[in-house]
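Here's the structure, in structure tokens; my notes come after.
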Amino acid sequence: MAIFETHCHLNHAQFESDCDSVIDRADQANVRRLLVVSYDLASSRRAVNLANKYAQINTAVGIHPEDASEWSDLTQGELVALCESNPGSIVAWGEIGLDYHWKTHEPDFQKRVFVEQLKTARTLGLPVIIHCREAYDDTLNILEDFGADRVVVHCFAGTVEQALRAVSLGYYIGIGGVLTYRNAADVRDIAVQIPVDRILIETDSPFLAPQKWRGKRNEPAYLTAVVSKLAELLEKSADEIEEITWNNAVSLFG
């Protein structure tokens, strides 16, 4: 089987000088598909360029809640135009959502931008990739009220109860390198309590490297550590985890 990396940022400046090598290492680690996720307009453009260069890359475009002030009619128009001109490359909208940690933007403003992007994604027929930090109840309330059904809540760091609510709504849960951290018992609890057919695996590269590489730049090849930990926790083989999570990703992203 093979590994589907559902959330990485190879469009980040940290990969500008050695992206070819990063892709090669991913391939050697059996990571055969990579979803490069965007966070602002510039990163969305870079993601599309990467997809046009590398056959194994698909992309998501969108505006992160920390960059919500960038959202405008012009930004929306350019992102929609990217989607319409790159239908085989862009398979999702994101990452979008709410982030109350840094307090960069007021919650009401974030919510408005979030809902407008949900509407845009629905018009385009795209699933959404959700960023949520310290805002799980508000995020899930908005998604439920909106009637969103093709959703992954990436890098999930809420409670078990919030994770179970998300999967009850039909959403996927993104699990990454945090699963391997010594102090991440709560994430491991989530991994074993949600249905395995709701799990997607990701690195969030260049951030949140697994324990073995913690403090270093993360990259898609390190997803093997997440597979190994999930296999251990769920008492399955690595091949089984790869197959299950691959099929889950294809179900959402095609």
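Inside region 217-237, can you point out the residues that are within 26 Å of residue 59 (Cα to Cα) and aliphatic (A, V, I, L, M)? Talk me through it step by step, then tell me what you get.
Taking region 217-237 first, the residues within 26 Å of residue 59 (Cα to Cα) are 217-228, 230.
Answer for region 217-237, where residues must be within 26 Å of residue 59 (Cα to Cα) and aliphatic (A, V, I, L, M): 221, 223, 225, 226, 227, 230.
Say whether the condition of being touching a residue at least 24 places away in the same chain (Cβ under 8 Å) and surrounded by fewer than 17 Cβ atoms within 10 Å (Cβ to Cβ) is met by at least one residue in region 140-148.
yes
When region 81-103 is examined, which residues are found to be touching a Pro at 6+ places or on another chain (Cβ under 9 Å), within 13 Å of residue 126 (Cβ to Cβ) and not aromatic (Phe, Trp, Tyr)?
The answer is 91, 92, 94, 95, 96.
Just to be sure, is residue 158 free of Cβ contacts under 8 Å to residues at least 60 places away in the same chain, touching a Leu at 6+ places or on another chain (Cβ under 9 Å) and not in a helix (DSSP H, G or I)? Outline the logic, then answer.
Details: free of Cβ contacts under 8 Å to residues at least 60 places away in the same chain: yes; touching a Leu at 6+ places or on another chain (Cβ under 9 Å): yes; not in a helix (DSSP H, G or I): yes.
Answer is yes for this residue.
Any chance you could count how many residues in region 11-42 are under 15 Å from residue 94 (Cβ atoms) and surrounded by 24 or more Cβ atoms within 10 Å (Cβ to Cβ)?
Here the count works out to 7.
Does region 106-159 hold any residues that are of a type in the set (Gly, Ala, Ser) and within 18 Å of the chain's Cα centre (by Cα), and which are they?
121, 125, 135, 148, 157, 158 - these are the residues of region 106-159 that are of a type in the set (Gly, Ala, Ser) and within 18 Å of the chain's Cα centre (by Cα).
Residues in region 103-144 that are over 17 Å from residue 69 (Cα atoms) and among the acidic types (Asp, Glu): how many?
Final tally of qualifying residues: 4.
Which members of region 95-118 meet the condition of being assigned to a helix (DSSP H, G or I) and either in contact with a strand residue (DSSP E or B) (Cβ under 9 Å, 6 or more places away or on another chain) or without any contact (Cβ under 8 Å) to a residue 12 or more places away in the chain (or both)?
Of region 95-118, the ones assigned to a helix (DSSP H, G or I) are 107-118.
Correct list: 107, 108, 110, 111, 112, 113, 114, 117, 118.
Taking into account only those residues within region 62-94 that are over 20 Å from residue 114 (Cβ atoms), of a type in the set (Gly, Ala, Ser) and in a loop (DSSP other than H, G, I, E, B), which is modelled with the highest pLDDT?
Top of the filtered list is 89.
Restricting attention to region 214-250, which residues are of a type in the set (Asp, Glu), part of a helix (DSSP H, G or I) and buried (at least 19 other Cβ atoms within 10 Å of the Cβ)?
Residues of region 214-250 of a type in the set (Asp, Glu): 219, 232, 235, 239-240, 242-243.
Subset that is part of a helix (DSSP H, G or I): 232, 239-240, 242-243.
Correct list: 242 only.
The values are calculated or read from the model by the stated rules, or taken from the named source; none is laboratory data. In this text, all values refer to a predicted model and were calculated from it rather than measured experimentally. Every residue, glycine as well, gets a Cβ built from its backbone with ideal geometry; the counts of neighbours run over all protein chains shown.
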